[in-house]
Structures are given as C-alpha cells and as structure tokens.
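Each remark here refers to the structure printed beneath this line.
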Amino acid sequence: MRTRTRYIAALFIMAVLAGSARPGVAADGLIPITITTEFGEVEAVLDSAHAPVTVTNFLRYVDGGLYVGGVFHRAVTIKPDNQPNQTVKIEVIQAGINPALVDKGFPAVPLERTNKTGLSHKNGTISMARREPDTATSDFFICIGDQPSLDFGGKRNPDGQGFAAFGTVVKGMDIVKRIQAAPVDGQKLTSPVRIVKVVRRR
C-alpha cells in the first residue's frame with residue numbers, strides 16, 4: 001500500500017510539472033489536443049487539474065507518438081445485436097495505440113474514480129478503457145450521449161468503480177458519430193478507423 005501511495009504521488013508531481021513546464025496548458029489545467037483520424041479531426045481538452053494521473057499517462061503516449069498509426073477499433077451502440085449480453089447499455093467508440101508499438105507501452109496507472117475527480121461521463125467525455133481497477137494503459141473511449149453507468153457507482157462494470165474520465169470533445173462529434181456508425185462485427189469495427197496522429201494544440 002505504501003509503495004502504491006508513493007507511485008500515485010510521483011505521478012501527481014509529474015502531472016504538475018508537465019502542466020507548468022509545457023506550452024499549451026491553460027491556467028485552469030485544460031490541455032487542448034487534436035485527434036486526427038482518416039475521417040477528420042476531433043478537438044478535445046484534457047483536464048489535468050482534476051485528473052492529473054490519467055492526463056499525464058495519456059500525454060506520454062501522445063508525446064511519444066504511439067497513437068500515430070493507432071486505430072479506433074470498437075463501436076458500441078444501442079442496436080439490439082451490438083450489446084446482447086449487457087443489461088446496462090452504453091454508447092462509445094474505443095481507440096488504441098499503433099498495434100506495432102504495443103511493446104513500447106507504459107505500465108498501467110491507478111484508477112482516478114469520478115467520485116474523487118468530480119468529472120463524469122457526459123456526451124463527448126474522453127475516458128480510459130480498463131478491465132479491473134488500476135489496469136488502464138493506452139486504450140481510451142469517447143462517449144456518445146451521457147453515460148452515467150460509467151461513473152463511480154455505475155453498473156456497466158460489475159465492480160462499480162467506474163472509469164477514469166479525463167477530458168471532453170469540444171469539436172468534431174460528427175466525426176465521432178461517423179466512426180460509431182461504421183460497419184461492425186459485434187462491437188469490432190470491420191475496417192478500423194486509422195488515427196493519423198494525436199497532438200497537443202499550441
């Protein structure tokens with residue numbers, strides 16, 4: 001427990017230093033980014049003030065260029081055949097880093113629960129995909145519509161711990177919806193949508 005506490009503290013310091021030392025970080029801790037896909041651009045802001053650990057983790061993948069050649073590979077919709085085994089339905093699209101660079105990824109980070117950050121899963125929210133708590137690495141998802149079942153206490157994940165929201169789309173939800181509407185086999189996009197790059201906006 002002591003080791004984990006030190007690890008979280010170290011990541012928090014990294015986030016603070018990143019916010020103070022790099023251009024493109026507003027006084028309120030919002031960091032603008034652009035996700036360029038083969039369908040078009042999605043502009044977003046990351047909330048380093050409320051989700052410092054998660055934002056620091058995401059930006060090390062961005063700054064390392066690991067999302068270049070990444071893909072949106074999953075689309076979750078409310079169509080009957082998309083989530084047949086789920087009683088709690090959601091709508092999201094999910095992306096990951098370049099598959100060829102998976103071995104260059106970083107260790108998983110602690111889960112920043114929404115009851116601690118004060119953030120929630122609204123339309124356009126960007127959040128980290130995970131299995132168990134503290135397993136998030138590089139995959140992220142974007143919400144289409146409000147998704148309260150993904151917040152702490154929500155029932156989409158049986159453990160009730162929710163997911164780590166850390167940003168929001170400010171422009172390009174039409175691109176997000178176009179990706180969600182692409183053909184799927186189950187929830188897997190049959191033609192994954194390529195990520196050209198993810199960069200900080202200066």
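What is the fewest-to-most order of 37, 137 by other Cβ atoms lying within 10 Å of their Cβ?
Working: 37 22, 137 18.
So the ranking, lowest neighbour count to highest, is 137, 37.
Of 79/155; 177/197; 104/171; 116/188; 104/155; 116/155, which ones are farther than 26 Å apart at the Cα? It would help to have the intermediate numbers written out before the result.
On the way: 79/155 19 Å; 177/197 19 Å; 104/171 30 Å; 116/188 32 Å; 104/155 33 Å; 116/155 18 Å.
With Cα atoms farther than 26 Å apart: 104/171; 116/188; 104/155.
Tally Lys/Arg at +1 and Asp/Glu at -1 over every other residue whose Cβ is under 11 Å from the Cβ of residue 76; what's the total? Intermediate results must be reported in sequence, preceding the final value.
On the way: positive: 74, 79, 89, 156, 188; negative: 91.
That works out to +4.
Mind checking the dipole of the chain: about its Cα centre, +1 per Lys or Arg Cβ, -1 per Asp or Glu Cβ, Debye to the nearest 20? All intermediate terms of the calculation are to be shown ahead of the outcome.
Working: 25 positive and 18 negative charges, 57 e Å.
In total the dipole reaches around 280 debye.
When the helix-only estimate is applied to the chain (DSSP H runs of n ≥ 4, each -39,500 (n - 2.57), divided by the residue count), what is the mean residue ellipticity at 222 nm, nearest 500 deg cm²/dmol? Let's see the in-between values first.
Values: 4 runs with 44 residues, N = 202.
Calculated mean residue ellipticity at 222 nm is -6500 deg cm²/dmol.
Which order do 191, 48, 127, 149 fall in if you start with the one that has the fewest other Cβ atoms within 10 Å? If you can, show how the numbers build up before the last one.
Details: 191 11, 48 25, 127 29, 149 17.
Ranking 191, 48, 127, 149 by Cβ neighbours within 10 Å, fewest first, gives 191, 149, 48, 127.
Remind me, what semi-axes does the range 134-194 give for its equivalent ellipsoid, largest first in whole Å, using sqrt of 5 times each Cα gyration tensor eigenvalue?
Equivalent ellipsoid semi-axes, largest first: 23, 15, 12 Å.
Excluding residue 175 itself, calculate the net charge of residues whose Cβ lies under 13 Å from the Cβ of residue 175, where each Lys or Arg counts +1 and each Asp or Glu counts -1. Don't skip to the answer; put the middle values down first.
Values: positive: 171, 177, 178, 194; negative: 38, 41, 43, 174.
Result for the neighbourhood of residue 175: 0.
State the Kirkwood hydrodynamic radius of the chain in Å, one decimal place, computed from all pairs of distinct Cα atoms. The partial results should precede the final answer.
Numbers: mean 1/r = 0.0589 Å⁻¹.
Final number for the Kirkwood radius of the chain is 17.0 Å.
What is the local net charge at residue 136, summed over the other residues whose Cβ is closer than 14 Å to its Cβ (Lys, Arg +1; Asp, Glu -1)? It would help to have the intermediate numbers written out before the result.
On the way: positive: 60, 113, 130, 131; negative: 112, 132, 134, 139, 159.
Taking every other residue near residue 136 into account, the sum is -1.
Charges on Cβ only, +1 for Lys and Arg, -1 for Asp and Glu, centred on the Cα centroid of the chain; of 53, 39, 168, which one is farthest towards the dipole's positive end?
53
Values quoted throughout were computed directly from the atomic coordinates according to the rules given, and no laboratory measurement underlies them. All figures in this text were calculated on a predicted structure; none of them were measured in a lab. All Cβ positions, glycine included, derive from the backbone under ideal geometry; neighbour counts span all protein chains shown.
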